[in-house]
1. Quote to one decimal, in nm, the extra length available between Glu644 and Ser471 on full extension: 0.36 nm per residue of separation minus the C-alpha distance between them.
2. Sticking with the crude label model, points 7 Å out along Cα→Cβ, report the distance from Lys592 to Glu43 in nm, one decimal please.
3. Could you run the Karplus curve 6.51 cos²θ - 1.76 cosθ + 1.60 with θ = phi - 60° over the stretch 405-416 and give me ³J(HN,Hα) per residue in whole Hz, x for Gly and Pro?
4. Can you list residues whose amide H is under 5 Å from Ser96's amide H, if they're 5+ apart or on another chain and H is modeled 1.01 Å from N?
5. Take the residue pairs Lys739/Lys868; Lys599/Lys868; Lys818/Lys868 and return only those whose Cα atoms are more than 27 Å apart.
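We did not get these values from a lab; they are worked out from the coordinates using the rules stated. Predicted model only: the values in this text are computed from it and were never measured. A quick note on method: Cβ atoms are made from the backbone with ideal geometry, for glycine too, and the neighbour counts reach across all protein chains shown.
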Amino acid sequence: MDAVLTTLHQNLVSCAKLIVAGDYATSEQSIAELVKNLNAISESLIAEEPQYSQELAVEILTQIHQYVATPALGQEIIDALAFELPKAVARFACVSDRCLEVAEGVVDLFVERCSPREMLSILLEAISSLSDPFMLPVCFIPLLTGLTKVIVLIQRRIYEQVKHAVPIILNVLTTLCLKRDDEDTDYEKLFSRTTGIASSIRTISVKLVGRRGQQQTEGFALVSHGMASDKLRCRLVVLQLSDFLPHCDLSYIGLVTGCEVDMISKLVIGDDGEVGVDCFSQVKLGAALAVIWGFGDGEIALAAKADMTSVLMELKGNWTRRWEAVGMLKYLFSYANMPWGLKRDGISFIACIMDGITTNTNNEFVDYSLHMPTMYTSLQVVTMVIMYTPETELRKKAFITFKKMLADIPTPWRFDVLMALIKNSNSPSMIGILIDCVREEMRLELVKRNASVDSLPNSEVSQSTSFWNQSVLQLVEMVLKPPEGGPPSLPEDSDAVLSALNLYRFILITESTGNSNSSGILAKEKLQKVYKEWLLPLRVLVSGTMARSMKESDDSMCALNPVELVLYRCIELVEEKLKHLMGELMVEKHIKYIVSIEKKKDDFASVAMEHLRLNGAYWGLTTLDVLGKLDAVDQDEAVSWIMECQDQSGVYPGVSGFGGNIGHDPHLLYTLSAIQVLTLFDKIDVLDIEKNADGSFSGDIWGEVDTRFSYIAICSLALLQRLDKINVEKAVAYIVSCKNLDGGFGCTPGAESHAGQIRVMIPFILLLEKSYTHTQLSTSLVQVAKLTDVDAFCRVVIAVFCCVGALAITGSLDHVDKDLLGWWLCERQVKSGGLNGRPEKLPDVCYSWWVLSSLIMIDRVHWIDKKKLADFILDCQDKENGGISDRSDDAVDVFHTYFGVAGLSLLEYPELKAIDPAYALPVDVVNKIFLTT
């Protein structure tokens, strides 16, 4: 110890001699070496290294104090040592209370013996330069104590000096608060010294009122944060700060509404905007806290000379000032590290000023648009309190306060604020709560409307003044069909999904029973969109998620059960509405009819159609699948019978297609039906497609040519994923030659346009677009059409079907005039609503498929009257025995039953599975082929 003290004394004496001798360069080096040694000792002490003790630290500081206090020591020596020693001495303050006491004494000596303006700069530089491990409150206390004394000694340019000092002090305090340790008791001393600085500023000049006010409000924020763990200790400092408010001409009403904060801002920032804004960062938070402390503690309000009752009454009676106060308190709620106790007081304050307010109406003297940002952000930060508070009671109180704030917003703006909150929330639970608030607002508005004799009917309520407007369904869509794409995530989004479904159900039931449509929910197009794009995809998602949860035995089933319950109720309601709008499809009777056909093998119709039995199987089974009743037949029995229809005789070399019945000649028509039915049952793998070395099958042995076979061959190849076996180039040239001037297509060049042929041509485009471009997918089957006349096959099968597909693949769809073709197709609709195949022909249910699917594929389906077409199909039902006929009152058959049901599926009739317009199979079956292989 003696050696260290001796060396210290020698260093001090050496520095003094060099300064007296005028050797300033050497003296600076000597002082730097002295400071370096002192810093090394303080670092060892804070690291608790054994070579130095607390007693040594006290002796070092005492020796420095005695040396600086020496009366004979020249001013130039004092000034030289003052540049470095205060900071070095302050680092020892963390060693012990005695070290802190002596360090403060050393700094005080320099303040007494040096120029105040120079010491202000020295102390501010020392405060700014301290770093870890000395970023501790106690290390700053000696320096702040010195600042408290030096400020009152300044005589000239007071405002500029203080304006420079305050931001530095506040920034350091902010940094220390961020490093706050709940166990550190030195923060009380730190803020006590800070209030001392405020007292010094108050003393020197009335001119500094703005700067004094700023420091007080910043002080409330920093004290509340820095001493959060001990409210009692924090309270003592807050009392001191509150006592300054009247001297700064600051009132609670001015602080909480922000008007005096704006005054401080203008006064402090002036023309030095950048510096002012930096140190102004927590003034609004501090202003809010100053009032909240007084709201929760009468003695603190008394210290501020504030009448809290008058403040609350003034805010209750003035909407604008009330929301200005709420806007100031958002800084309290959004500050993550602020104690929950203060946030609880803030919630109580808002609840108090909102107390007694049931709802607010427009005030013609208030421009509410100017307050929209405040209303939104204030409600948003209260939702943060609801979400993140660890206290159940505070969460409940915050939600009650949230609803009071919401009621204080005029109705036209209330909806917009809720919409914005929902859009910008990333919490499914909070989204669910907010949507429930929307539903409650709609219910209250409905009750009020129904109770008022003078109220307008629902349908006449202005969208700008009511929750009952067409925008409300956007809330549901945001959840059930997120704008970023994809379905909602389950079970994570269960709360939001459940609330959205409940809101939709509430609106649908209310509008239905009230014979109104303010929200537009009852429009047929809207119902179809909701059914197809929201509810059905969600049903698949919920079912899949629940099945996975059950398999994995997790807890998500509990969250999904209510979602499933409400979802199915919504689906039922929408289906009922759509049935009412579109007429009823006799689903059960049609199922019974199709199943009964198999049992009538001996009647005349069955015998007459024996050669088409495999086609009939496709029509009937696909109809059952679209109706959701494919399980009504024995799958194994059906597959077994189909495989018996495959030709195994060897009579036709190189051919292994299917006949229309057992023992019949193979044909392309029946082969496609066989492939389609096997695809329905997901049994395509029973085919041995490698049996033919050249991978081929023919239309029939006689080589009959027709564009139907073009479609059939391509569809078969697509389902078997073997489109790479055909020559696309030849198809392009031939298909273009089949197009007529009316925009339609014939079976051969120059042949009359026919809807059936067009239906064959258009799938060329879509089939190849969907399938030919998926050659990278693994496949299990190959059969390629091969007619006896290979050139004829290229001219017809490849040229017609594949060539139009090639137009799509190569980006050459301009060969198909969609508008001209669409016009020709929509002209097929007659007055009854049905469609025919050619001009001047009678309508036929089967063209509900041929024409409608073509219109869908060229995106022109909106050119026909879909409602009249649906009515036409439904009028062709046998409502007693089931089945659909070609026209009303004609005999039913499975062919027209299939195309009628398929047409209704394309028209998005409820409860029917979606059908692919190109493959003539349910969409889920087609997706299974191309998306899972």
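1. Numbers: separation 173, 0.36 × 173 = 62.28 nm, distance 5.84 nm.
Result: 56.4 nm gained on full extension.
2. 9.6 nm
3. Result, ordered by residue: 4, 4, 5, 7, 9, x, 3, x, 8, 4, 4, 4 Hz.
4. Amide H to amide H, under 5 Å and 5 or more residues apart or across chains, Ser96 pairs with nothing.
5. Numbers: Lys739/Lys868 29 Å; Lys599/Lys868 35 Å; Lys818/Lys868 23 Å.
Long pairs (Cα-Cα over 27 Å): Lys739/Lys868; Lys599/Lys868.
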